[in-house]
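Visitor: I'd like to ask you about the structure that follows.
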Amino acid sequence: MKRKSDYILEVNTIPGSLSFYLWEPKGLKFKDLLTKLIDLGLKRHADAKRNTTSFPTNILEHFNPRGKASKI
């Protein structure tokens, strides 16, 4: 019986391969593909530096800096 978790997402026989040769028939040469990927990576990095992500948490709600056990 199949469960939702019984799917294969990708079979990659050459880990790290960009399969750049598949883009050449569409007019995108390897050099241009690398340039585009680097530009996208630089843009993503710049966006990440500009933005702050926060997650609401109550992890310090019962923190006692004097080291005594807090009453919960």
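Each value in this text was obtained by applying a stated rule to the coordinates, not by laboratory testing. All figures in this text were calculated on a predicted structure; none of them were measured in a lab. Neighbour counts are summed over all protein chains in view; Cβ atoms, including those assigned to glycine, are modelled from backbone coordinates with ideal geometry.
Visitor: Give me the percent of Cα-Cα pairs in segment 26-69 that sit more than 12 Å apart, rounded to a whole number.
Guide: The proportion of pairs with Cα distances above 12 Å equals 75 percent.
Visitor: Something else about it: Using the number of other C-beta atoms within 10 angstrom as an exposure proxy, rank 24, 61 with the fewest first.
Guide: Ordered by Cβ neighbours within 10 Å, fewest first: 61, 24.
Visitor: As a footprinting exposure proxy, order 19, 54 by other Cβ within 10 Å, with the fewest listed first.
Guide: 54, 19
Visitor: Right, next: What ranking do 32, 39 get, fewest neighbouring Cβ atoms within 10 angstrom at the top?
Guide: Ascending Cβ contact count within 10 Å gives the list 39, 32.
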